[in-house]
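Below: one structure, written as structure tokens.
The values are calculated or read from the model by the stated rules, or taken from the named source; none is laboratory data. These numbers were taken from a predicted model, which means no experiment stands behind them. Here the Cβ positions follow ideal geometry from the backbone for every residue, glycine too, while neighbour counts run over all protein chains shown.
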Amino acid sequence: MTIPFGRQARALFSLDPQGTFLNHGSFGAVPIPVQQAQQRWQAAMERQPDLFFRRLMKPAIRAAAEVLGPVVNVNGDDIAFVENATSAINAVLHSLTFRPGDEILITSTTYNTVRLAVVEVCKRSGATPVVVDLPLPLHDHQSVVARFAAKLSRQT
């Protein structure tokens with residue numbers, strides 16, 4: 001299956017064709033087939049809420065993980081679905097053990113809620129947030145890698 005890209009992909013979305021939508025980070029639009037699947041799942045939930053939450057939802061989530069696993073080259077058991085990227089970052093940060101002196105790299109362009117999560121974890125653990133400055137516009141990949149490399153230490 002070939003998925004269109006660029007202008008050809010616009011037809012897959014319900015976005016206003018007269019506008020240019022740039023905020024996929026906060027409120028991303030999903031393709032129409034995904035909307036339709038969401039509506040089917042919501043209808044199933046509304047038809048039999050107890051059955052849905054007690055018996056159908058968890059197996060359906062695990063089945064989705066099994067289908068997704070080969071796409072991202074991992075075992076489906078290693079996939080956890082979360083509400084959004086910020087929730088994912090929080091889950092990862094809180095699953096790790098940080099100690100005083102440890103360092104967590106973030107960039108000067110890090111999404112503010114993610115930055116705040118890193119700062120909070122550092123305050124609790126004694127770790128230190130280390131900011132990699134990424135002045136925009138970026139001109140090449142090598143300079144980005146060099147900026148990260150310059151901030152790496154044995155505590156990172």
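Mind checking which pairs have a first residue in the range 63-89 that is at pLDDT below 95 and a second that is assigned to a loop (DSSP other than H, G, I, E, B) and surrounded by fewer than 13 Cβ atoms within 10 Å (Cβ to Cβ), Cβ under 8 Å, 6 or more apart or different chains?
Once the first residue is at pLDDT below 95 and sits in the range 63-89, its partners that are assigned to a loop (DSSP other than H, G, I, E, B) and surrounded by fewer than 13 Cβ atoms within 10 Å (Cβ to Cβ) give Ala88/Val82.
Taking the options Glu83, Glu66, name whichever one is at negative phi and surrounded by 11 or more Cβ atoms within 10 Å (Cβ to Cβ).
Glu66
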